[in-house]
Amino acid sequence: MQEISFRLVSFLIAAFAFGFGAVCLFRKKKPLYFQLLVCAAGCYCIAQLATVINIWCAVTSSVSVGMLGIFGCNFFLLSANFGTLDRIVDDGSNTKGPARAAVIAPVVMAAATVAAFCAWVKSDTFCALAWVIMLLPALPASYFNLKHILLPIDAFGFLRATKPCNIIAIVFYVMTAAYVIGSALGSGTVGGILSILMSLTVIGLTLAAVKGAKQWGI
């Protein structure tokens, strides 16, 4: 009963984060960057809903559809920073230092992913491999997040608007890795608490996105 209570609270927080972000940002002329962050929140919400259903229906499998929600969340966070925005804010002049320093983020996330694999491999090898795949998008995503934090503010002020989102995204990756490792311990309480903390991070991401959209300039 305690475990499902934690998960239900986590889902409700995530659902509010997605709903609030969707209402505020799924409109015409709102920046796609922040809409992608809301989509990330939506994927995480789906992951939490799947977990609640699994617990309610007494599904004991370690691998679930909800894991794809984590993958989707990380992939949307990667998509937001990769591509057009990165080419705008990183023109190659005076950016080599931040670009090199940003490698620290994927290195740390790679170590966390290895730790998550090691935590699961003894009890469930397939689940361990599945979690590695789910966490993979966080490696390049964390690189762009940290690089955009370290880069000097661009002429359009994009990086000023996105900085809080990038900081929170990195916190989310770390929390996710901690959740995966904590879940391997078999404690529903630990997993439940970490899932709530992840949901609070997601709502922080949505709030930062809404605020950033107001600062966004062309």
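The values are calculated or read from the model by the stated rules, or taken from the named source; none is laboratory data. What you see is a predicted model, and the numbers here were worked out from it, not measured in a lab. We place every Cβ from the backbone using ideal geometry, glycine too, and count neighbours over all the protein chains shown. Protein only, heavy atoms only, side chains kept; ligands, DNA and RNA dropped before computing areas. Shrake-Rupley method; radii C 1.70, N 1.55, O 1.52, S 1.80 Å.
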Fill in: Top-ranked residue of the stretch 1-15 - restricted to ones that are touching a residue at least 60 places away in the same chain (Cβ under 8 Å) and in contact with a Cys (Cβ under 8 Å, 6 or more places away or on another chain), ranked as most open to solvent (accessible area, probe 1.4 Å)
Phe11
Worksheet item: Of everything in the stretch 94-109 that's under 22 Å from Asp154 (Cα atoms) and touching a Phe, Trp or Tyr at 6+ places or on another chain (Cβ under 8 Å), which residue is surrounded by the fewest Cβ atoms within 10 Å (Cβ to Cβ)?
Response: Val103
Worksheet, complete the sentence: Flagged in the stretch 16-58 as free of Cβ contacts under 8 Å to residues at least 12 places away in the same chain and among the small types (Gly, Ala, Ser), in numbering order, are Gly19, Ala58
Discussion item. Please determine whether any residue of the stretch 84-99 is among the hydrophobic types (A, V, I, L, M, F, W, C) and in a loop (DSSP other than H, G, I, E, B).
Written reply: no
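When you look at Tyr179, is it more than 28 Å from Ser62 (Cβ to Cβ), of a type in the set (Phe, Trp, Tyr) and open to solvent by 20 Å² or more (accessible area, probe 1.4 Å), yes or no?
Considered against the rule, which asks whether it is more than 28 Å from Ser62 (Cβ to Cβ), of a type in the set (Phe, Trp, Tyr) and open to solvent by 20 Å² or more (accessible area, probe 1.4 Å), Tyr179 comes out as no.
Residue-wise test of (1) among the basic types (Lys, Arg); (2) open to solvent by 50 Å² or more (accessible area, probe 1.4 Å).
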| site | (1), (2) |
| --- | --- |
| Ala141 | no, no |
| Asn145 | no, no |
| Phe158 | no, no |
| Ile167 | no, yes |
| Tyr173 | no, no |
| Gly204 | no, no |
| Lys211 | yes, yes |
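So, in the stretch 192-202, exactly how many residues are over 16 Å from the mean Cα position of the chain (by Cα) and buried (at least 21 other Cβ atoms within 10 Å of the Cβ)?
Number of matching residues: 1.
Yes or no, residue by residue, for (1) modelled with pLDDT of 95 or more; (2) assigned to a helix (DSSP H, G or I):
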residue: Glu3; (1), (2): no, yes
residue: Ala17; (1), (2): yes, yes
residue: Arg27; (1), (2): no, no
residue: Lys30; (1), (2): no, no
residue: Phe34; (1), (2): yes, yes
residue: Ala41; (1), (2): yes, yes
residue: Thr51; (1), (2): no, yes
Worksheet item: When the residues of the stretch 16-75 are filtered to those that are aromatic (Phe, Trp, Tyr) and open to solvent by less than 10 Å² (accessible area, probe 1.4 Å), which remaining residue is farthest from Trp216 (Cα to Cα)?
Response: Tyr44
Worksheet item: Consider Pro31 against the criteria (1) in contact with a helix residue (DSSP H, G or I) (Cβ under 9 Å, 6 or more places away or on another chain); (2) over 26 Å from Asp154 (Cα atoms): it satisfies all of them except one. Which criterion is unmet?
Response: (2)
Discussion item. Whether any residue in the stretch 66-89 is at pLDDT below 90, of a type in the set (Asp, Glu) and over 19 Å from the mean Cα position of the chain (by Cα) is what I want to check.
Written reply: no
Discussion item. I'd like the full set of residues that are in contact with a Phe, Trp or Tyr (Cβ under 8 Å, 6 or more places away or on another chain) and open to solvent by less than 60 Å² (accessible area, probe 1.4 Å), limited to the stretch 80-93.
Written reply: Ala80, Asn81, Leu85, Asp86, Val89
Worksheet item: Pick from Ala116, Ala112: which is within 27 Å of Ser183 (Cα to Cα) and open to solvent by less than 10 Å² (accessible area, probe 1.4 Å)?
Response: Ala116
